[in-house]
Amino acid sequence: MDIGFVYLWENSLNSKKYIGSHKGLIDDNYIGSGVYFKRAYNKNKDIFKRTILYAGKNYRFYEEKLLKKLNVAYSEEYYNLKNEAIGGWEHAHNNAENIKRRSEGISKAKKGKYYEWLRYDKTGCNNPMYGKKHSENALKLISEKRRLRTGPTTNRKVIEYNSGQIFESLTACGKFYNLSQSTISHLLKKEVVLKGVCKGKRFGYV
C-alpha cells in the first residue's frame, strides 16, 4: 500500500506558497518538484517553512482536491503551475503544444492583474542574501553542477513560459527581445523578470 503525505511550503518574505505531495515518509528529506518553487527555495532555503497537511494512503486525492479548491495554478499567491496532482509540469515540459496551451490559459486568466509582490524592493539590505555568504558546502555544490554541465548553453532552446514561445538558442531569444545573449542568460536565473522590456516574463531552458 502506498503511503505518502501532502505538504505546504511558505515563503516568509512574500507569503507565497507551494502545495505538493510525496510518496514516502515525512522525514525522508523530500523538498518538492515545482519548477518555480524549487528556484525560489534553492536561492534561500532559510525563508521557507514546511507544514504537513495530510499523511496517509489518500495523499494524492487530498492534494488534488486542495489544489482545485484553491485554484493554485491561477493564483499569484502560489508557486504551483497546475491544479492536478499527477503529471506535473515536468510531464508536459517536453511537449511544445502542451506548454503553449497551458501557458495561454494562465496568461488569459491573469491578464490585467497586478502582482503586488513585483513591487518589493530586493536591492541592498532588502535582498535575502544581503550580508550573507554561501557556505563552503554550497560553493562546492555550485562548482560541481557547473563542472557536470555538458555542451554550451548558448545552443540550448529557451522558453518564455507565459506565452509558451520557444527559441532555438539564447541568441535567437536575445534578438527577439532586442537584448544581448548575456542579458538573456542572466534573466534565465530569475524566477520572474522584475523590470525592463521583459518585465513579468519567465524564462527557462527546454
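Neighbouring Cβ atoms within 10 Å as the yardstick, rank Glu191, Glu144 fewest first.
Listed from fewest to most nearby Cβ atoms, that is Glu144, Glu191.
Assign one of three labels to region 4-91, namely rounded, prolate or oblate, based on the Cα gyration tensor with a ≥ b ≥ c the square roots of its eigenvalues; rounded applies when a/c is under 1.5, prolate when it is not and a/b is larger than b/c, and oblate otherwise.
Oblate.
For the pairs Lys68/Lys195; Lys17/Lys82; Lys16/Lys69, note any where the Cα-Cα span goes beyond 20 Å.
Those over the limit are Lys68/Lys195.
I want to make sure I understand the PRE zone here: with the label point 7 angstrom from the Cα of Lys57 toward its beta carbon, which residues in region 1-21 have backbone N atoms less than 12 Å away?
Under cut-off, by backbone N: 1-4.
No lab work stands behind these numbers, since they all come straight from the coordinates. The model shown is predicted, which means the values in this text are computed figures rather than measured ones. Reconstructed Cβ throughout: ideal geometry from the backbone, glycine too, with neighbour counts over all protein chains shown.
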